[in-house]
1. Given the criterion aliphatic (A, V, I, L, M), touching a Leu at 6+ places or on another chain (Cβ under 6 Å), more than 20 Å from Glu185 (Cα to Cα) and free of Cβ contacts under 8 Å to residues at least 40 places away in the same chain, identify the matching residue among Ile342, Ile377.
2. Being over 22 Å from Val400 (Cα atoms), in a strand (DSSP E or B) and assigned by TED's automatic domain parsing to the domain that holds Val242 narrows it down to one residue among Val300, Val279; which is it?
3. From Glu416, Glu375, which residue is of a type outside the set (A, V, I, L, M) and modelled with pLDDT of 90 or more?
4. When you scan the range 634-670, how many residues do you find that are free of Cβ contacts under 8 Å to residues at least 60 places away in the same chain, more than 20 Å from Leu556 (Cβ to Cβ) and assigned to a loop (DSSP other than H, G, I, E, B)?
5. Of the residues Thr351, Thr347, which is in a loop (DSSP other than H, G, I, E, B), at pLDDT below 95 and within 18 Å of Pro418 (Cα to Cα)?
6. Go through the range 286-326 and count every residue that is of a type in the set (A, V, I, L, M) and either crowded, with 21+ Cβ neighbours inside 10 Å or on the phi > 0 side of the Ramachandran plot (or both).
7. Of the residues in the range 444-477, how many are under 14 Å from Val344 (Cβ atoms), in a loop (DSSP other than H, G, I, E, B) and either among the β-branched types (Val, Ile, Thr) or touching a residue at least 60 places away in the same chain (Cβ under 8 Å) (or both)?
8. When you look at Glu696, is it part of a helix (DSSP H, G or I) and of a type in the set (Asp, Glu), yes or no?
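The values are calculated or read from the model by the stated rules, or taken from the named source; none is laboratory data. Predicted model, so just to flag it, every value in this text is computed and none were measured. With ideal geometry, Cβ positions are generated from the backbone for all residues, glycine too; neighbour counts draw on all protein chains shown.
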Amino acid sequence: MSNNFFEARMNELYGLIQHHADLYYDKDSPEISDFEYDNLVKELKELETLHPNSARKDFLTHKVGGRPSELFAPVVHETPMLSLDNVFNNEELVNFFERLKSLPSLRGGAEQSEAEGFFPSGFTCEMKIDGLAVSLIYQDGIFVRGATRGNGQTGEDVTANLLLIDSVPKRLKNPPAGRVEVRGEVLMTLSRFEAINKIRFDRGETPFANPRNAAAGTLRQSEKNNHVISERGLDIFLYYLVDAEKQNIFKQSDALEWLDAHGLPVQKAWARCEDLEAVKNFIAQWQEKRFDLNYVTDGVVIKFDDIYKWKEIGETSHAPRWAVAFKYPPEEAKTKILDIKISVGRTGVLTPVAWLDPVRLGGTQVQRASLHNAEMISQKDIRIGDLVKIRKAAEIIPEVIEVDKTARTGNEKIFEMPTHCPACGSEIVKLPDEAAHRCPNRASCPAQLKESLKYFASRDGMNINGLGNTLAASLLNSGKVKSLGDLYDIKKEEDLIGLDWTSYQDRKTGETKIRKVGKVLARAILSEIEASKGRPFVNLLTALGIREVGKGAAGLLVEEFKNIDALINATEEELSSVEGIGPVIAESVYEFFRNEENLKLIEKFRALGFNLKTEDNFIKENKFDGKIFVFTGTLSSMTRSEAGEKVKALGGKVSNSISSKTNYLVAGDKTGSKLSKAEKLGIKILSEQEFLEAIE
């Protein structure tokens, strides 16, 4: 293959990795699993080795972590907080040992040097905790400051938030004199994660993707929201004593015991291993045993035990050479499909769900898996009664990988999609260009109404705190709400008191219980419903739940049409001409406003005084009127979101993708594939400085 092919693939990987790193480190909302991300990085590093002239030496694969958040004061780490290189199999693990063996000062005597993997000092093996890396500073035994890793050089001061974590010692046992820095991981236990996700689901909030992101998002709460840290019950494990020699500690195994002796929480899942064989045994022992732990681990960290040799062994710009992380492959399990049931979503889509014989997977009990649609079931030939292999996609949603057809007995049943909606009985429709089957009864299908009401009240919608899954179902079952507009007919506390509000886990018994709406809560929910009338127009447009229209598309429509009447009267052609909308969304929006029931709902909202237009006061001048900007890379003076707001304030528009309609590409550091595409299309490219001059 030509070098052009490899360069194109490298550029594609740079863009993909940057995108997923931003989601993981900066937004705590990953789209892919760690395993998938690690494989992208591994492929890129292999290509960089083969094509060094095309490698970007300043790219994040040669650096650490994400950018520090602007919500917190910056903290410069005196000793950089590095990440770890990964190995994925025994061959790569052996290569790590061979690199260490090549250093003369690490070999044993002549009679020992030929032994595979022998090192006089040995290694420590510690389970790799999937959390948020932090540094804690103690002065004369008193906790004085805590910070996140950030980009490895500069982190975020989260002292106040760390003080709210019960397991963070505020004073050390047998307090050592002077300054002591220790490092570890803030985490959320699996039991807390499952309980919190159940509560979030009941409230209509998006469940956390995994415990790591739940912990990271919780710890990085702003001061006004830091009460959630105590509510969610974070934990911490420490594993690194900085400048250990100052405490007369010269081995990592001794450092772990020192931490424990001074009251700093240390995980029990670690051991000192003499040689490569012992390390392999530890890895094998914990591959299954790790799921007995109440926290997520995705591998084993292997460290050269002699701390005083670490400086001699050295480090790269982002990782030490004296340690490595062995990453386990994604866990898979076999189980039986007991039944396939249908779930009806807010847009009427019927999703088949496999009900499984319960099985442990990734440390949690799995009982259901989405089968997506009838086409997937047909392609994989999935039947009720089949023995199937499952794994977790993006670490949380179980998926069926394949069917073990050799295990079939002949009693398996072929699944067929229903012809009528299981919730309301309406005849199902399937459009020729769609894989999905739909219930067309949006007006009175109870399943769609419940999901629509929950979505309507969500944060991106009307942001009605307290109205989640359980209360939505209770309002519908009681007959108090039969459509979205009925919500605003509830005026009295008595209309809500006694309804199911949310479920919670009893800490003593572990049972799931229902909490009812009381007088105080009823008053608060009524206040929230009333306050929602004043939400911005974009929130209402999002809350309506128009097919294909999330908050991003709603924002583009609001920018273009300014008010509800202009949107109602827009043609499909006018809608599809909006940058970022396209024909599919345009058709959906057009059809929504041709429906009589939907128009009646809009008129009810108008009579109630809802915001049905957007304010243009923020547009100071129209110097960018109609101009479309795209941003790529990292800006040093502001975030890309802030830069986008400045463009909008000057009458311009912002898009996430390059097209022939794009007027300007603003290129910061570490650009992705958008830059080369813009160059090919002849789009004007602005440096960050040129952009700053343009917005003055």
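1. Only one candidate qualifies: Ile377.
2. The conditions single out Val300.
3. The unique qualifying residue is Glu416.
4. The number of residues fulfilling the criteria is 5.
5. Values: Thr351 fails: in a loop (DSSP other than H, G, I, E, B).
That would be Thr347, the only listed residue that is in a loop (DSSP other than H, G, I, E, B), at pLDDT below 95 and within 18 Å of Pro418 (Cα to Cα).
6. 6
7. The qualifying residues number 1.
8. No.
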